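Visitor: Let me give you the structure first, and then I'll get to my questions.
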Amino acid sequence: MSRYLILLPAPEAEWADLPPEEHEKGMRSHAQFQEDLRTGGHELLVAGPLDPSADATSMRPDGAGGTLVSDGPFTESVEQVVGFYLVRSDDEADLRAACERWSSRGELLELRRMVE
C-alpha cells in the first residue's frame, strides 16, 4: 500500500473572516470526504488542522554551520498549508476520484504520493 499526503492550502485571513455557515459547510465537506475515504477502503492515518502560519517557527541554515530560527512563516504567499490528511491506499485512482469530488465542493487541495 502507498501513503498519500493531502495538503490543504488556503488563504488563512479569508477563512477567519467567513461567516459561521461557511465554516459549517466546510466541516460537512470534510465529513463527506472522510466518509468517501472509508467507503473507498482507504485508511486515514492522521488528519488535522494546523495552527496559523504566524505561529510557526522557521529554521534554515545560516551559511556558517548554524541555524537561523525565526517566528512566523518562512515564505510569503497568499495561501498557507492550513491542514492535511495522511492516507494509506492501494487504489490511487479511487483516492484521486474522492479528492476530485471533494475539490468540486469548493476545496483546494494537493494530493501527493509519498516516496516509498
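Visitor: Accessible area of the chain with a 1.4 Å probe: how many percent of it is carbon plus sulfur?
Guide: 52
Visitor: Counting only helical runs of four or more DSSP H residues, what would the 222 nm mean residue ellipticity of the chain come to if each run contributes -39,500 (n - 2.57) and the total is spread over all its residues?
Guide: The per-residue figure over the chain is -10500 deg cm²/dmol.
Visitor: Using the charge dipole of the chain (Lys, Arg: +1 at Cβ; Asp, Glu: -1 at Cβ; taken about the Cα centre), state which of THR67, ALA13, ALA47 has its Cα farthest towards the positive end.
Guide: ALA47
Visitor: VAL78 versus ALA13, label points 7 Å from Cα toward the beta carbon: distance in nm?
Guide: Simple spin-label model gives 1.2 nm for this pair.
Visitor: Can I ask one more? Any idea of LEU8's accessible area? Nearest 10 Å², probe 1.4 Å.
Guide: 20
Visitor: At what distance in nm do the modelled label points of MET1 and GLU35 sit from each other, each positioned 7 Å from its Cα along Cα→Cβ?
Guide: That separation, rounded to one decimal, is 2.2 nm.
Visitor: Sticking with this structure for a sec: Going by a ≥ b ≥ c, the root eigenvalues of the Cα gyration tensor, does the chain fall in the rounded group (a/c under 1.5), the prolate group (a/b larger than b/c) or the oblate group?
Guide: Judged from the Cα gyration tensor, the chain comes out oblate (a/c at least 1.5, b/c at or above a/b).
Visitor: Still on this structure, please answer the following. Once fully extended, how much extra length lies between LEU50 and ALA93, figured as 0.36 nm per residue of separation less the alpha-carbon to alpha-carbon distance?
Guide: 12.7 nm
The values are calculated or read from the model by the stated rules, or taken from the named source; none is laboratory data. What you see is a predicted model, and the numbers here were worked out from it, not measured in a lab. A quick note on method: Cβ atoms are made from the backbone with ideal geometry, for glycine too, and the neighbour counts reach across all protein chains shown. In case anyone asks, the SASA skips ligands and DNA or RNA and just uses the protein heavy atoms, side chains included. Shrake-Rupley method; radii C 1.70, N 1.55, O 1.52, S 1.80 Å.
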